[in-house]
1. Of (1) farther than 20 Å from ARG160 by Cβ; (2) outside any helix (DSSP H, G or I); (3) over 16 Å from the mean Cα position of the chain (by Cα); (4) not β-branched (Val, Ile, Thr), ALA6 satisfies all except one. Which?
2. Please find, among ALA23, ALA28, ALA64, the residue that is loosely packed, with under 15 Cβ neighbours inside 10 Å, part of a helix (DSSP H, G or I) and free of Cβ contacts under 8 Å to residues at least 60 places away in the same chain.
3. Tell me the residue from GLY171, GLY93, GLY85, GLY106 that is more than 27 Å from GLY68 (Cβ to Cβ) and free of Cβ contacts under 8 Å to residues at least 24 places away in the same chain, please.
Amino acid sequence: MSKLPALPPSAPPMGTPVLRFFARLLIACIPWRIDGTLPDAPKLVMIGAPHSSNWDGIFGICAAVAIGFKPAWMGKQTLFKGLLGRICTALGGVAIDRNNPTGVVGQMITEFQAHERLWLTLAPEGTRSVVPKWRTGFYHVAVSAGVPILPIAFDFPTRRFIVLDLFHPTGDYAADLLELEKLYAPWRGRYGKRALPNGPPPA
């Protein structure tokens with residue numbers, strides 16, 4: 001297995017050693033490696049792209065657990081019941097109520113306010129299909145919560161996760177999305193898809 005990045009002191013730790021053990025075994029069995037350095041930041045929004053395969057999320061969560069941090073992810077409220085709910089919570093799941101008037105963005109802002117350390121992971125494309133532009137929720141969460149964005153590239157031709165430089169959004173949507181598009185330009189998904197984050201801001 002290739003060397004895993006060091007876990008920064010401020011990262012939210014994975015409190016389940018058994019899960020970390022099995023995640024390391026899985027990572028050792030797949031021909032992927034992780035390049036780059038994780039930032040020492042207690043709170044951030046981590047985005048992964050290009051999202052072109054169901055394996056993206058599986059590999060990504062396994063990589064996070066193997067390194068030793070708990071990746072927060074959003075799930076339907078109905079998943080968080082009984083034994084399944086306890087498992088989802090242990091793996092970093094955050095229950096989302098679709099009927100909550102604050103919306104998904106508002107609920108995630110509340111989560112950031114309630115935790116001293118939280119690394120929220122999202123696929124900004126929202127689907128494995130080719131999309132004209134990214135969804136904007138990740139950006140609005142980061143800006144409203146006052147946290148940076150950590151871009152992660154999935155490069156299938158070289159089978160690498162690439163940890164890019166921490167990105168601090170300015171609040172200028174169009175300019176920031178152009179910068180993110182430049183960061184992702186070299187990387188390709190499983191089917192050669194290129195990330196296309198930029199687009200006009202929502203009305």
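A short reminder: the numbers here are calculations on the coordinates, not readings from a lab. Worth saying up front: this structure is predicted, and the values here are computed from it rather than measured. Positions of Cβ are generated from backbone atoms using ideal geometry, with glycine treated the same way; all protein chains shown enter the neighbour counts.
1. Going through the list (1) farther than 20 Å from ARG160 by Cβ; (2) outside any helix (DSSP H, G or I); (3) over 16 Å from the mean Cα position of the chain (by Cα); (4) not β-branched (Val, Ile, Thr), ALA6 breaks only (1).
2. None of the other options fit; the residue is ALA28.
3. Of GLY171, GLY93, GLY85, GLY106, the one residue that is more than 27 Å from GLY68 (Cβ to Cβ) and free of Cβ contacts under 8 Å to residues at least 24 places away in the same chain is GLY106.
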